[in-house]
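The values are calculated or read from the model by the stated rules, or taken from the named source; none is laboratory data. Here the structure is a predicted model, which is why all the values come from computation and not from measurement. Cβ placement follows ideal geometry from the backbone for every residue including glycine, while neighbour counts extend to all protein chains displayed. Ligands, DNA and RNA are excluded from the accessible area calculation, which covers all protein heavy atoms including side chains. Shrake-Rupley method; radii C 1.70, N 1.55, O 1.52, S 1.80 Å.
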Amino acid sequence: MTHHDYDLIVVGAGSGGVRAARIASELGARVAICEMDRLGGTCVNVGCVPKKLFVYGSHFAYDLNDARGYGWSGEPSFDWRRLLENKNREIARLNAIYFELLERAGIELFRGRAELVDQNTVRIEGAERTATRILISTGGRPRRPDIPGAELALTSNAVFTLAALPKRMLVVGAGYIALELGSVFCALGVEVTIVHRGEEILRGFDRDLRCHLHNELEAKGVRIVLETQVEELRKRGPSIEARLDNGDTLETDFPLFAIGRTPNTLGLGLEALGVELGTRGGIVVDDDYTSSVPSIHAVGDVTDRVQLTPVAIGEGMHFAHRFFGESEFRIDYRNIPTAVFCQPELATVGLTEEEAWHHCPDVRVYRSVFTPLKLAMSERKERTIVKLIVNAEDDRVVGCHMAGHGAAEIIQGLAVAMKAGATKAVFDATIGIHPTSAEEFVTLR
Ligand code: NAP
């Protein structure tokens with residue numbers, strides 16, 4: 001049998017890669033990991049974590065205003081640079097934790113760009129190392145528009161190092177990143193305009209929630225332009241002018257494109273080895289995360305499937321157990337809960353009403369729109385929506401949706417109930433916690 005330097009070399013130390021490396025190492029494999037950037041990948045450095053810190057930071061704009069209704073007074077002030085510095089410090093702390101985790105697990109870390117030389121050899125900064133298996137977990141990067149002036153377009157990465165708040169921001173797209181960052185900057189006083197090619201924001205989510213959120217975002221001051229595309233960006237003095245396909249132009253300081261993410265497969269030498277890539281450049285893998293070359297595997301965003309951190313982590317665990325252990329850990333892609341941390345936040349698990357009508361012979365829909373008690377004494381008129389979708393044939397709850405304060409925390413719990421196969425009767429038999437927004441889910445009749 002050929003001797004290799006390692007049992008596993010992981011290329012990319014993000015959420016999926018690090019988890020796979022750690023589990024494989026715990027299971028006795030000799031593991032190395034390489035990373036050309038900071039440890040932790042998109043989630044830790046330019047994604048979930050700094051975004052959520054920005055969400056918390058910006059939301060105080062509303063909370064401090066609400067506080068007046070509760071007797072508080074005084075003029076709070078906001079310091080963008082302090083938020084940025086504290087965010088950077090927290091991210092550096094997480095980078096260090098990732099380093100310690102790898103070190104403690106006995107995983108060798110190589111810094112630098114990796115390239116595959118053959119199906120068992122990785123070249124990192126000129127040095128070649130071999131492994132029985134290679135796992136590609138290089139993630140993705142924001143997609144850039146293909147329009148004249150595209151070089152003027154900024155992507156979500158730029159937001160996390162922005163020196164000063166812009167006055168006006170143009171956000172193109174109406175998915176996760178567009179709405180999350182659009183909400184953050186709107187709360188911080190930036191004039192935000194969202195330009196979206198579709199007929200409503202958040203394609204793929206439940207229509208009631210899409211419309212609800214559209215209204216709530218507009219009520220907060222976000223301008224939403226639908227069925228419109230940006231055709232060109234042009235420098236105009238200190239500003240940037242966007243030419244729209246409806247004939248209008250729009251001046252902005254910060255054109256942010258949030259139009260999806262592209263898998264990081266370029267420059268890895270994959271095509272030369274015969275690794276099959278999908279139409280959008282993602283590595284095609286089977287149910288065990290093996291590519292068309294049996295010793296080369298891939299998990300996470302680089303496979304261009306479900307682009308969510310917990311999914312990448314689950315895939316990394318599945319891969320490590322499958323090839324270095326004995327247990328049959330499998331990730332279940334059904335009913336993945338997810339949240340969009342816009343303001344108000346939206347969270348969902350299971351089928352939308354539209355999907356349920358497609359999949360179930362008969363459907364019952366329960367819905368409630370209300371003002372949460374916390375806002376009863378505030379000037380904020382934000383409404384919360386909760387919605388349950390039930391398969392009328394067997395009474396099973398097949399979809400839970402919410403937009404409003406705490407939606408992500410609440411839906412996470414309901415996702416467990418749905419995994420356990422809860423029926424509407426089980427929801428009805430559950431005692432509510434009063435007064436909460438969550439209790440609405442067990443009092444819907
Ligand atoms: P996204 O959620 O897929 O949204 C992309 C948006 O851009 C959609 O509104 C899409 O419109 C639009 N779009 C796509 N191509 C376009 C084009 N050529 N011109 C104009 N508009 C275009 O993508 P994202 O917001 O960039 O985020 C990427 C992924 O990261 C997400 O899908 C998600 O999986 C993950 N993510 C998750 C979280 C979270 O868990 N909270 C947060 C951020 C990101 P259509 O609807 O018409 O296609």
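Go through the residues of segment 48-56 one by one and say whether even a single one is touching a Ser or Thr at 6+ places or on another chain (Cβ under 9 Å) and open to solvent by 40 Å² or more (accessible area, probe 1.4 Å). Yes; the residues of segment 48-56 include at least one that is touching a Ser or Thr at 6+ places or on another chain (Cβ under 9 Å) and open to solvent by 40 Å² or more (accessible area, probe 1.4 Å). Between ASP248, ASP287, the distinction of being closer than 30 Å to PRO337 by Cα, free of Cβ contacts under 8 Å to residues at least 60 places away in the same chain and open to solvent by 20 Å² or more (accessible area, probe 1.4 Å) belongs to ASP287 only.
Can you spot a residue in segment 16-36 that is within 19 Å of LEU268 (Cα to Cα) and of a type in the set (D, E, K, R)? Yes - at least one qualifying residue is present in segment 16-36. Within segment 146-196, take every residue that is among the polar types (S, T, N, Q) and more than 19 Å from ALA242 (Cβ to Cβ) and give me the one that is most open to solvent (accessible area, probe 1.4 Å). This residue is THR161. Across segment 1-38, the qualifying residues are those that are among the small types (Gly, Ala, Ser) and assigned to a helix (DSSP H, G or I), and the one among them that is farthest from the chain's Cα centre (by Cα) is SER25.
Test CYS342 against the criterion of being closer than 27 Å to VAL171 by Cβ and modelled with pLDDT of 95 or more, and give yes or no. Taking the combined requirement at face value, the residue satisfies it.
Set side by side, the residues ILE124, ILE134, ILE97, ILE107 differ, and just one is among the hydrophobic types (A, V, I, L, M, F, W, C), within 22 Å of the chain's Cα centre (by Cα) and not assigned by TED's automatic domain parsing to the domain that holds LEU250, which is ILE97. Among the residues of segment 197-208, just one is open to solvent by less than 40 Å² (accessible area, probe 1.4 Å), near the ligand (Cβ under 10 Å from one of its atoms) and among the acidic types (Asp, Glu), namely GLU200.
Got at least one residue in segment 276-292 being under 28 Å from LYS51 (Cβ atoms), within 16 Å of the ligand (Cβ to nearest atom) and in contact with a Pro (Cβ under 6 Å, 6 or more places away or on another chain)? Yes, the conditions are met somewhere in segment 276-292. At least 2 residues being under 14 Å from ALA174 (Cα atoms) and of a type in the set (Val, Ile, Thr) is the threshold, and among the strands (runs of 3 or more DSSP E) wholly inside segment 194-305 those reaching it are 223-225.
Answer yes or no: is there a residue in segment 145-160 that is within 16 Å of the ligand (Cβ to nearest atom), among the hydroxyl-bearing types (Ser, Thr, Tyr) and outside the structural domain of PHE54 (by TED's automatic domain parsing). Within segment 145-160, one or more residues are within 16 Å of the ligand (Cβ to nearest atom), among the hydroxyl-bearing types (Ser, Thr, Tyr) and outside the structural domain of PHE54 (by TED's automatic domain parsing).
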